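What follows is one structure encoded as structure tokens, with my remarks underneath.
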Amino acid sequence: MDELKNTAAQAAGAAVAAEDEVVTFKRPSQAKEIWRRFRKNRGSMIGLIILIIIFLLLIFAEFISPYEIAIKQIPENILAKPSAQHPFGCDAYGRDVLSRILHGGRVSLAIALIATMTSCIVGSTLGAIAGYFGKWIDSIIMRALDIFMSVPDILFTMTVVVALGANFVNLLIALTLAYFTNYVRLVRSQVLNLSEQEYVEAARAGGSGNARIILSHIIPNAMGVIIVNVTLNVAKIIIYESTLSFLGLGMPPPQPEWGLMLSEAREVMRKAPFLLFFPAAAIVICACCINLVGDGLRDALDPHLKS
Amino acid sequence: MSDNITEVKEEVTTAAPLLSIKDLKVTYRTDLEVVEAVNDIYLEIGKGKTLGLVGETGAGKTTTALSILRLLPNRTGFIDKGEIFFDGESILDMTEHQMQHVRGNRISMVFQDPMTALNPVLTVGDQIAEAIKLHNPHLSAAEVDQKVEDTLQMVGILPQRKVEYPHQFSGGMKQRVVIAIALCCEPELLIADEPTTALDVTIQAQVLSMMRDLRDRLGTSMLLITHDLGIVAQTCDDVAVMYAGEIIESGTTKDIFLGGRHHPYTVGLFDSIPDLESKSARLNPIPGLMPDPTDLPPGCPFAPRCRECMDICREKRPETKLFGETHRIRCHKFDQDAAGTVVTDEPVEEEGGKQDE
């Protein structure tokens, strides 16, 4: 018996001694660590670089090409082909397309990003509550959600926009209402799964209350899935929002907007196909890059993959 | 209520147990069936003592542990009757808020599988710090940090490793971390639910010797749940053998390992341990399986498997008999034995069955 104890103690001692020789364990700051892993993913880096360029262009749109140019109608320029002066040509009202894309992008991306955040926060909160507390709380939330989901998204959004009027804030409300349902289901299923984990039980045995368990044990573990969904949704919302403007329910004219530009270009598609090409390309590039970045972020945030 | 406590405290003065469980009955109820997981058990753990709770899978060991922390599954686990006193306070009468102060602070638990008991996305240091901050909100960040390092040092992990994630640790190291989390608030009672089952034998020895060491150093009482009698012999002061939700034999480690009288189940348990010296080709297992807890026999639950089963065993549940100071056996075999006295454990006055919400 004693011998056993001694060997055990020796083994433990040896293990500690061996570790002493190892260089100190240092955690690089969390952000640095994520960045290091993110950088390894080439696709995501390309996506990120393009996105940064796009953001810079959008932020400095006013300097590149002031807003007046985007809404100024010059009759001589109607359907002008791309040229040195108007690199992307001019539309059916004689407005500079490049400038419209830049200013339209500001609105499109701002709405997409904010609507994604709000729908994520609303949906995740409801989903976490439903999944964690279960019982009647779960029933109420999920049945209410079923009602929401039984109305087609587009109809729902249209109703909200028509009822409240088309402007920036109302569009956000409409898009949030259309998209939060995904997060409720997603987060609820994650929470259902994660709250069965032993570390959650261990946290409870350690005296943690419900709020702490949800915020510091369950949500961080669900974060990977949520982030991937957020990035996918940003892309979706850009497209969805274009659909709304395409139907005439987006930002009111003359405010340029990518979907609206597509809708206007459709009428003159035969005569000037390039009018369709540029806004469509803008939407596709943005959506693609955001997805690439999302992919890389998911990998970078997952501590299991740390080497 | 207050009468109850004073009454218990009078009893306490003689033995001064830290934890005492009286007449506890726990059932799991679903729409389909009622599982009688724990039936009328009595347990006591003295201050600074270690009690080993032994029994095969499904005997109700973990259920007993979860009842002490009131962590039975929300919608299915119910404490039907009985009382649990911790340091003179009735645990079953506490509010959920009071319980949160007890859990992790005064009673903490080490889980069976260290691989899943740690949160994979938080660093080890953060997880220990969380437990410390939770129960010591007045500490400054630097003090918490210092305490995290001290705790890691205590369980034999390099403090610098606090910035690492659980997946960077080996199994035995993870169990050390789990123990560090359980001990960082210096609890009065540590419940260890098969702490070494998931570890291999050499690491088992390390973790156990560390636990013994810490127990002696911190003066913590311990409830050690295990099915390994070897661990019990090395670690425990007292032993309780559980079978089908009942404690069929209990006593000091000496009583159980060296005593002359034993419950046939205990005898069977010892027989089924491989022995290095004997040359028998086969182990000697206890035939049969544990009775279905949804349908326990009316008599002694062990009767269907017992080699010494008598007629009365199938009809009547045996009384607990006390031999000497500490050794209790619950078996009809000793009904006629003059050496023992029947312990009439006074049943706790029922309060209509409490529910654990």
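Every number in this text was worked out from the coordinates using simple rules, so none of it is lab data. Keep in mind it's a predicted model, so treat the numbers as computed, not measured. Cβ: placed from backbone, ideal geometry, glycine included. Neighbour counts: every protein chain shown.
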Expressed in angstrom and rounded, the centroid-to-centroid distance over alpha carbons for region A:174-243 and region A:119-167 is 15 Å
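Find out how many positive minus negative residues lie around residue B:180, taking Lys and Arg as positive, Asp and Glu as negative, among other residues whose Cβ is under 15 Å from that of residue B:180.
Details: positive: B:133, B:147, B:161, B:162, B:174, B:176, B:215, B:217; negative: B:126, B:130, B:145, B:149, B:150, B:164, B:186, B:213.
Value of the local net charge: 0.
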Find how many whole Å separate the alpha carbon centroid of region B:146-193 from the alpha carbon centroid of region A:94-108. 58 Å
Cβ-Cβ cut-off under 11 Å around residue A:108, Lys and Arg +1, Asp and Glu -1: the net charge is -1
Quick one: if the Förster radius is 56 Å, what FRET efficiency do residue B:316 and residue B:217 give, using the C-beta to C-beta distance and rounding to 0.05? 0.75
Ranked list, fewest to most other Cβ atoms within 10 Å of each Cβ, for B:249, B:33: B:33, B:249
Express as a percent, rounded to the nearest 5, the fraction of DSSP beta bridges in chain B (both residues included) that run antiparallel. 65 percent
With the label point 7 Å along the Cα-to-beta-carbon line of residue A:299 and a cut-off under 16 Å to each amide N, the hits in region A:39-60 are A:39-49
Of the candidates A:242, A:225, B:20, the farthest towards the positive dipole end of the protein assembly as shown (Lys/Arg Cβ +1, Asp/Glu Cβ -1, centred on the Cα centre) is A:242
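Arranged from highest to lowest average of other beta-carbon atoms within 10 Å per residue, in what order do the peptides B:85-96, A:173-184 appear? Let's see the in-between values first.
Working: B:85-96: 15.8, A:173-184: 22.2.
Ranked by mean Cβ neighbours within 10 Å, highest first: A:173-184, B:85-96.
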Excluding residue B:225 itself, what net charge comes from residues whose Cβ is under 13 Å from its Cβ, given Lys and Arg +1 and Asp and Glu -1? -3
Please work out the C-alpha center-to-center distance from region A:264-291 to region A:55-76 and express it in whole Å. 18 Å
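Would you mind ranking A:67, B:265 by Cβ crowding within 10 Å, fewest neighbours first?
Details: A:67 17, B:265 24.
Fewest to most other Cβ atoms nearby, the residues stand as A:67, B:265.
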Give me the extension gain from residue B:337 to residue B:200: residue separation times 0.36 nm, minus the current Cα-Cα distance, reported in nm with one decimal. 45.0 nm
Looking only at other chains, what is the average number of their beta-carbon atoms within 10 angstrom of each beta-carbon in A:189-202? 4
Using helices alone, I'd like the mean residue ellipticity at 222 nm for chain B: each DSSP H run of four-plus residues gives -39500 (n - 2.57), total over residue count, nearest 500. -9500 deg cm²/dmol
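How well do other chains shield peptide B:68-74, expressed as the mean number of their Cβ atoms within 10 Å of each residue Cβ?
Values: counts 0, 5, 1, 3, 0, 1, 3.
Taking all residues of B:68-74 together, the mean is 2.
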Between residue A:151 and residue A:78, Cβ-based FRET efficiency (R0 35 Å, step 0.05) works out to 0.30
Can you give me the angle between helix A:274-301 and the longest principal axis of chain A, using Cα atoms only, in degrees from 0 to 90, rounded to the nearest 10? 10 degrees
List the DSSP H helices in chain B whose Cα atoms stretch 15 Å or more along the helix axis and whose mean Kyte-Doolittle hydropathy is at least -1.0. B:2-15, B:124-135, B:141-154, B:171-183, B:201-218
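Quick one: grab the alpha carbon gyration tensor of region B:67-203, order the square roots of its eigenvalues as a ≥ b ≥ c, and give me rounded if a/c is under 1.5, else prolate or oblate depending on whether a/b is larger than b/c. Could you put the intermediate results ahead of the total?
Numbers: a/c = 2.19, a/b = 1.43, b/c = 1.54.
Oblate is the answer for region B:67-203, as a/c is 1.5 or above yet b/c matches or exceeds a/b.
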Approximate spin-label separation residue B:93-residue A:225, in nm, with each point projected 7 Å along Cα-to-Cβ: 4.4 nm
Which value in nm describes the separation of the simple spin-label points at residue A:192 and residue A:49, placed 7 Å from the Cα toward the beta carbon? 4.4 nm
Decide, for chain B, between rounded, prolate and oblate: order the square roots of the alpha carbon gyration tensor eigenvalues as a ≥ b ≥ c, take rounded if a/c falls under 1.5, and otherwise choose prolate if a/b is larger than b/c, else oblate. prolate
Determine, from the Cβ-Cβ distance of residue A:60 and residue A:168 and an R0 of 25 Å, the FRET efficiency 1/(1 + (r/R0)^6), rounded to the nearest 0.05. 0.75
Show me the ranking of peptides A:115-121, A:144-150, B:227-233, A:69-75 by mean Cβ neighbours inside 10 Å, starting with the highest. A:115-121, B:227-233, A:69-75, A:144-150
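When you look at the Cβ of every residue in B:198-210, what mean number of other chain Cβ atoms sits within 10 Å?
Details: counts 0, 0, 0, 0, 4, 4, 1, 7, 8, 2, 3, 8, 3.
If you average over the peptide's residues, the count of other-chain Cβ atoms is 3.
Under a Cβ-only charge scheme (Lys and Arg +1, Asp and Glu -1), can you give me the dipole magnitude of the protein assembly as shown about the Cα centre, in debye to the nearest 20? Mind showing how you got there, number by number?
Details: 61 positive and 81 negative charges, 704 e Å.
The dipole of the protein assembly as shown has a size of about 3380 debye.
Rank these for me by crowding, A:83, B:140, A:65, going from fewest to most other beta carbons within 10 Å.
Values: A:83 11, B:140 8, A:65 20.
Arranged by neighbour count, lowest to highest, A:83, B:140, A:65 become B:140, A:83, A:65.
Given the rule -39500 (n - 2.57) for each run of at least 4 DSSP H residues, summed and divided by the residues of chain A, what is its mean residue ellipticity at 222 nm, to the nearest 500 deg cm²/dmol? Please report the intermediate quantities before stating the final value.
Details: 13 runs with 223 residues, N = 307.
Calculated at 222 nm, the ellipticity per residue is -24500 deg cm²/dmol.
Using the Cα gyration tensor of chain A, with a ≥ b ≥ c the square roots of its eigenvalues, what is the shape: rounded (a/c below 1.5), prolate (a/b larger than b/c) or oblate (neither)? Please report the intermediate quantities before stating the final value.
Numbers: a/c = 3.98, a/b = 1.80, b/c = 2.21.
Judged from the Cα gyration tensor, chain A comes out oblate (a/c at least 1.5, b/c at or above a/b).
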